[in-house]
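The values are calculated or read from the model by the stated rules, or taken from the named source; none is laboratory data. Here the structure is a predicted model, which means the values were calculated and not measured. Quick reminder, even Gly has a Cβ in these numbers, built from the backbone with ideal geometry, and neighbours come from all protein chains shown.
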Amino acid sequence: MKIIVLVKQVPDTWGDRTLDLRTGWLDRGSSDSVIDEINERALEVALSYQDGNDAEVVALTMGPDSAKDILRKALAMGADSAIHLLDGGLAGADLLRTSEVIAAAATKAGFDLIIAGNESTDGRGGTLPSLIAGRLGVAQATYLDSVVITTDAVSGHRATENGSMTLHSPLPAVVSVTEQSAEPRFPNFKGIMRAKKKPVTVWSLADLGLDAAAASAHSVITQTSPRPARVAGTKIVDRGNAGVELAEFLAAGRLI
Amino acid sequence: MFQLSEDQRDLVAMVRDFATSSLAPHAVEWDQTKHFPIDVLEEAGSLGMGGIYVQEDVGGSGLTRSDAAHIFEELAKGDPTIAAYISIHNMVAWMIDSFGNTDQRKKWVPDLAAMTSLGSYCLTEPDAGSDAGALRTKAVRDGDDYVLNGVKQFISGAGCSSVYVVMARTSDTGNQGISAIVVPAETPGLSFGPNEKKMGWNAMPTAQVIFHNVRVPVGNLLGAEGDGFGIAMKGLNGGRINMGACSLGGAQWALDQTVAYLKERKAFGKPLIDQQALVFELADMDTELETARTMIWRAADALDRGAPDLVKLCAMAKRVATDAGFSVANRAIQLHGGYGYLSEYGIEKVVRDLRVHQILEGSNEIMRLIIGRTLADVH
């Protein structure tokens, strides 16, 4: 069983996160960069299976040179090896380009199962796992609150607006997990010290046989502006019909 | 030496996550309820904190004393008491790992390293503290056993630990008559006094350990007969660095809280941080901690290298860091005003916890004696 876990370096959600208004890209210098929390949960799902079964866990990221730090964290937690997709031509890559590159890397590396977080805390696209599954032509089971992996299949629960559903798929497959899925372990001291000795493969676009000159994004950002300052919310004072007013307010916002 | 390596940054980051999530939220409650969190210690053990500088073949983490200094400072930011207990436990694990034979190491160290069993260090007696060579607990050889009689005082973890490393007198020849003997908790004749009521360090038990015809095999002797005093003193070198590091962590936390408070608290129309007199006080506190930190790192480096002046440097670092730690934390109360005196804010707890660091692992008077003797011997 070979499991690829997708990990991403994101700005720490504890700090202020800002965009570079000139490029429309994330300002990486304005906050600490960390492994996305949801990726730690995805990795925990893989490692929990590995604890009791024969499995190889590979952490895969696409990102700038600094992303090697989060690969080291994934290796410290227990991943066996890592793949770093590193290429200057990938700066500003959108979801379509990212999915193309990751799918190519997964194909090159080989896999039985790909586990991702349901959405990143920075881009919050939430569609990358589906896009990758589509490009690979394998089944997808996304937004899983729990995951059960067996030697030839994967299953799990997904909460829906009206209840929940159980999904099953034979392998190979792509799954994405929610914050409910697993509580990630801390890396222990030995894991931290061994992380550096584990293999990290770096692949460029050329290594993947992809066109380095292709556009990294299919849309163009024409304008960016800072987030407007917060304004005071709506206050409903009860003059006998507050219940109605509240219901109307929520309905207008499509909240009920 | 004056900059953390990449490995050390990763180690510290993990310890910070652990201390922030598993220690800090409970520290005040554990103090107030005198709760010894054995389950959390086991979690710490699973992360490698039970045998930080124990060799890897018996489950240790195989790290350096310098690594440990960073680890203990970070742990103490979450709770100085638990950090300090983990230091004591590590001293026990390290003693058996360093001075035990193969059988002893394999028998006791793996569980200690995992913290599924806890360790206590038994040196001090009711009438022998700083003058450790005056200890009177006896271990009398009887066939293939030693029979121990006596009382040990102020023993951290007493009653909860599974393994007691006991310094006992095997002959009446002063320091050379002391031997280090491992006594398992289940040994008949071993009993404990009541949990002492004390100023701080409430989240760990402190009690007398009482030996009444306690019989253990001679195979429980660490090293040779008469090695005990040397083993005890060697253990304390590292213990002093760790306690200093724990003082740094507790005080750094108190200083960080204070800076945040002074930025937020307004008086006379502006935040307190705008009062130059208070900023000068903060600057002094920060400088004293950084000075102490430099000493701790240097002493840890000396211990890692086995430098000839390591005993002196460890003593100096312990004295400087534990004095600075208490002083800074105490001033943090003052800068918090009445709120610093309330238990809820956690500052007064840290002050109570750090106070004892000036007394134990060799009192700070003994540190000066050790330093002074090196001068007297040279000339």
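Quick rundown of the values:
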item: Search result, residues across region A:1-37 that are surrounded by fewer than 16 Cβ atoms within 10 Å (Cβ to Cβ) and among the small types (Gly, Ala, Ser); result: A:GLY15, A:GLY24, A:GLY29, A:SER30
item: Listing of strands (runs of 3 or more DSSP E) fully contained in region A:130-196 that carry 1 or more residues being in contact with a helix residue (DSSP H, G or I) (Cβ under 8 Å, 6 or more places away or on another chain) and surrounded by 17 or more Cβ atoms within 10 Å (Cβ to Cβ); result: A:139-144, A:146-149, A:173-177
item: Matching residues in region B:50-70 - criterion: being outside any helix (DSSP H, G or I) and touching a residue at least 40 places away in the same chain (Cβ under 8 Å); result: B:GLY50, B:GLY51, B:TYR53, B:VAL54, B:GLN55, B:GLY59, B:GLY60, B:SER61, B:LEU63, B:THR64
item: Breaking point among (1) touching a Gly at 6+ places or on another chain (Cβ under 9 Å); (2) on the phi < 0 side of the Ramachandran plot, for A:THR150; result: (1)
item: Matching residues in region A:168-202 - criterion: being without any contact (Cβ under 8 Å) to a residue 40 or more places away in the chain, more than 14 Å from every other protein chain (Cβ to nearest Cβ) and over 29 Å from A:TYR143 (Cβ atoms); result: none
item: Meets criteria (in a helix (DSSP H, G or I) and among the aliphatic types (A, V, I, L, M)) for B:ALA307; result: no
item: Residues within region A:197-217 that are outside any loop (DSSP other than H, G, I, E, B) and buried (at least 18 other Cβ atoms within 10 Å of the Cβ), tallied; result: 1
item: Residue satisfying condition, being surrounded by 14 or more Cβ atoms within 10 Å (Cβ to Cβ), more than 30 Å from the chain's Cα centre (by Cα), part of a helix (DSSP H, G or I) and of a type outside the set (S, T, N, Q), within set B:LEU278, B:LEU248; result: B:LEU278
item: Counted residues, region A:38-53 - those being crowded, with 16+ Cβ neighbours inside 10 Å and among the acidic types (Asp, Glu); result: 2
item: Hits in region B:18-49 - residues which are assigned to a loop (DSSP other than H, G, I, E, B) and either of a type in the set (S, T, N, Q) or farther than 24 Å from B:GLN252 by Cβ (or both); result: B:LYS34, B:HIS35, B:PHE36
item: Failed criterion for A:GLY233 (all others in (1) modelled with pLDDT under 90; (2) surrounded by 10 or more Cβ atoms within 10 Å (Cβ to Cβ) hold); result: (2)
item: The lone exception for A:GLU245 - which of (1) touching a residue at least 12 places away in the same chain (Cβ under 8 Å); (2) part of a helix (DSSP H, G or I) it fails; result: (1)
item: Residue check for A:VAL220: part of a loop (DSSP other than H, G, I, E, B) and more than 15 Å from A:TRP25 (Cα to Cα); result: no
item: Count - residues of region B:35-52 that are within 12 Å of chain A (Cβ to nearest Cβ) and among the aliphatic types (A, V, I, L, M); result: 4
item: Restricting region B:15-34 to residues that are within 14 Å of another protein chain (Cβ to nearest Cβ) and farther than 22 Å from B:PRO110 by Cα, the residue that is surrounded by the most Cβ atoms within 10 Å (Cβ to Cβ); result: B:LEU23
item: Residue within region B:185-199 that is buried (at least 23 other Cβ atoms within 10 Å of the Cβ) and at pLDDT 95 or above present; result: no
item: Subset of region A:54-79 [small (Gly, Ala, Ser), surrounded by 23 or more Cβ atoms within 10 Å (Cβ to Cβ) and within 14 Å of chain B (Cβ to nearest Cβ)]; result: A:ALA74, A:ALA76
item: In region A:74-95, residue nearest to A:ASP54 (Cα to Cα) [restricted to those that are modelled with pLDDT under 95 and not acidic (Asp, Glu)]; result: A:LEU95
item: B:LEU354 vs. criteria touching a Phe, Trp or Tyr at 6+ places or on another chain (Cβ under 7 Å), under 23 Å from B:ILE88 (Cβ atoms) and assigned to a helix (DSSP H, G or I); result: yes
item: Residue among A:GLY89, A:GLY110 that alone is farther than 21 Å from A:GLU179 by Cα, surrounded by fewer than 16 Cβ atoms within 10 Å (Cβ to Cβ) and touching a residue at least 12 places away in the same chain (Cβ under 8 Å); result: A:GLY110
